[in-house]
Amino acid sequence: MKLKKTILVAVLLVKGDLMAIYDTQAIILAAGTSSRLNTGRSKLLEKICGREMVVYLTKLFEAMQIPTVAIVGFQKEVVQEAIQQQHGDNVTFVTQDKQRGTGHALLCSKHTWNADSILVVNGDMPLITQEIIDNLYKKHMQSRAAISIVLAHQADPSLGAYGRFVKTGDHVEIVEARDFKGDPAEHCFINAGIYLIDRKFLEESISALQQHENSKEFYIVDLVKIASKTSHVVETLVVPFDQVRGINTMEELWSVEQIKKAELIKHWMSKGVRFYATHNLHIDHDVTIGSGTYIGCGVHLLRGTHIGKNCKINESVSIYSSTIGDNVTVYPFSMIVDSIIGDNAQVGPFAHLRTNAHVGNGATVGNFVEVKNSNLGENTQVKHLSYLGDTTTGSGVNIGAGTITCNYDGFKKNVTTIKDNVFVGSNNTLVAPVTINKNSITAAGSVITEDVPENTLAFGRARQINKIGYAQVIKERLKKDAETATQTADKESQPFVAARKSEHENTI
């Protein structure tokens, strides 16, 4: 059966087809303590463009239909939860109770090995691609290697966390960073942390790993030394360093996220999106953007946001988990959260839409307007200094400046309904629950507490009274009151001033 599988793989390789069948399983090393990151939590939970770094690996293997085992240890519950949120029960978990090195972690998973080849990957490598795994698998099968490893050219001695590939005559090995004493320029290939191992060789050799005296740990890389000494084939694949960067420090986390962000931006540029300042924006991995759209400086596009075609998202805008239609303009310093914006709408500047706000086609949400859990109909305008909470408006509604809906009575939220073609005057207070029916007008400065029928002008304000010539009387009264208050204050302060003067003279 194994011979038949080898022949099948050989035929696929000769044809150059993408590998649809991998006789392998992936094991992700996810048990480390992440001590060098200095956060007190597992580095695998750090998000890179909105996704936990370990999930990049699990998603890659899922797309390649490779069964996956994750070896967890430090903060295993939260690491496991993060993976299960994305994959349910499709990833198998193995616990390494004591962190005794990568070799020991691999040994902990021995009972799960069931494929001809075992792919082992460090959990902090979110930049690796399917192409790397494809090419590694092809070389491994063609050479019938016992172990195949991924290397990258990197002579920088400051990158001290990487083991180095050392070749002496016919002998090869990986020397861990803490044990490496040579010249990085001479041994200029670093170990990426990706291994494809023949299962038979692994089962025979895993027990031969020796505990290192300094670290008291067992290393996977020693399998390379064992294979070389026993004349087994050791295959190598050299890839660009930026595709296999690991993460041990905050600086390395920053570097990897910049690379991932650059990949996303380049992708959307190729689709016709214009970015004004690529170095000064953030975009998550699951964001989509339509062609012809402009993204300004300092924009944050987060958590599955979808932006349509020919939009203009101006500077310093943040959009979370929202859908933006076509031909939409969002002006500076606006925030849109969990909301939907229809085609040809305008939002901002300084607008805040949140919690299921739905802005209809052609509607306007202007400066210093907050909309929460509300539906604004087509061509409705809320242009200035307003708050709409738990509100439904029809089409063609005008909301005057300074209008608010009083939706909360201290116990529950209440709904305001404003139907088609209503004109709400400036500085209105709409006390929910209340309905303003079609084609009605509410006067400026009104407090509306009762339903307004169709085609009605509603007043809800105190009656104005004008007293001719009374302004001068008020001014004179206020002036006299101020003078009296000043005289009283001076009189009351005289004993205190005299006492302070006497105290000063006695001191001298």
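Out of everything in region 147-185 that is small (Gly, Ala, Ser) and under 22 Å from Leu136 (Cα atoms), what residue ends up being modelled with the lowest pLDDT? That would be Gly163.
Scan region 104-116 for residues that are buried (at least 21 other Cβ atoms within 10 Å of the Cβ) and in contact with a helix residue (DSSP H, G or I) (Cβ under 9 Å, 6 or more places away or on another chain) and the total you get is 1. When residues in region 403-413 are screened for being surrounded by fewer than 17 Cβ atoms within 10 Å (Cβ to Cβ) and either touching a residue at least 12 places away in the same chain (Cβ under 8 Å) or of a type outside the set (Gly, Ala, Ser) (or both), 5 of them pass. Residue by residue through region 239-287, note down the ones that are out of contact with any Lys or Arg (no Cβ under 9 Å at 6 or more places or on another chain) and among the hydroxyl-bearing types (Ser, Thr, Tyr). Ser270, Tyr276 - these are the residues of region 239-287 that are out of contact with any Lys or Arg (no Cβ under 9 Å at 6 or more places or on another chain) and among the hydroxyl-bearing types (Ser, Thr, Tyr). Scanning region 381-397 for residues that are under 16 Å from Gly348 (Cα atoms) and not hydrophobic (A, V, I, L, M, F, W, C) yields Gln381, Lys383, His384, Ser386, Tyr387. Consider region 369-381 and keep the residues that are in a strand (DSSP E or B) and in contact with a Ser or Thr (Cβ under 7 Å, 6 or more places away or on another chain). The one that is surrounded by the most Cβ atoms within 10 Å (Cβ to Cβ) is Leu376. Is it the case, given these coordinates, that Val299 is touching a Ser or Thr at 6+ places or on another chain (Cβ under 6 Å), among the aliphatic types (A, V, I, L, M) and free of Cβ contacts under 8 Å to residues at least 40 places away in the same chain? Here the answer is no, as Val299 does not meet what is asked.
Conditions (1) over 24 Å from Asn114 (Cβ atoms); (2) loosely packed, with under 13 Cβ neighbours inside 10 Å; (3) acidic (Asp, Glu), marked per residue:
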site	(1), (2), (3)
Leu136	no, no, no
Ile174	yes, no, no
Glu204	no, no, yes
Leu209	no, no, no
Asn214	yes, yes, no
Ser231	yes, yes, no
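Among the residues of region 382-404, those identified as within 32 Å of the chain's Cα centre (by Cα) and in a strand (DSSP E or B) are Val382, Lys383, His384, Tyr387, Leu388, Gly389, Thr391, Thr392.
Just one of the listed residues (Gly342, Gly377) is in contact (Cβ under 8 Å) with a residue 40 or more places away in the chain and in the same structural domain as Thr417 (by TED's automatic domain parsing), and it is Gly377. Here Gly366 passes the criteria (1) assigned to a loop (DSSP other than H, G, I, E, B); (2) over 24 Å from the mean Cα position of the chain (by Cα) except the one numbered (1).
The values are calculated or read from the model by the stated rules, or taken from the named source; none is laboratory data. Everything numeric in this text was worked out from a predicted model, so none of it was measured. Reconstructed Cβ throughout: ideal geometry from the backbone, glycine too, with neighbour counts over all protein chains shown.
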